[in-house]
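Notes to accompany the following structure.
Computed from the coordinates by the stated procedures, all read-outs in this text should not be read as laboratory data. Because the structure is predicted, anything quoted here is derived from the model rather than measured. Please note: Cβ atoms are built from the backbone with ideal geometry, for glycine as well, and neighbour counts cover all protein chains shown.
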Amino acid sequence: MQFAVLASGAFAAGSGEPLSGIPVIRADVPRPAPTWAVLQRHLIETLDRAGVEFVKAYTRPDGRLRWKERYEGGMNSSDDAYEGFRGFSLHHVLGGSKELDILHRRV
């Protein structure tokens, strides 16, 4: 497997080869994932499961928020309920479940 590091993103037209003078890094030897990467994957997978449960707990099947007239604790304005969902798309972009991105767009 070869990966080219291209500062300019330049390839020779139609060849699929990087232009001369662009450094190429070869990654030919498989290595175990570093501990931080394994832990990050575990965190992402945990957040995937938690996000689905969060949606089930705080929205109705049609995507409307479950609303209370009065919330105890930290919720003190009308947008607080939705703010719990705002990171779902970013989570997906960082490697999380596409399902969460789709679910949050229904809220």
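So between Val93 and Ala57, what do we pick up on full extension, going 0.36 nm a residue minus the alpha carbon distance?
Numbers: separation 36, 0.36 × 36 = 12.96 nm, distance 2.36 nm.
Taking Val93 through Ala57 to full extension adds about 10.6 nm, to one decimal.
Distance between the 7 Å Cα→Cβ label points at Thr46 and Leu65: 2.7 nm.
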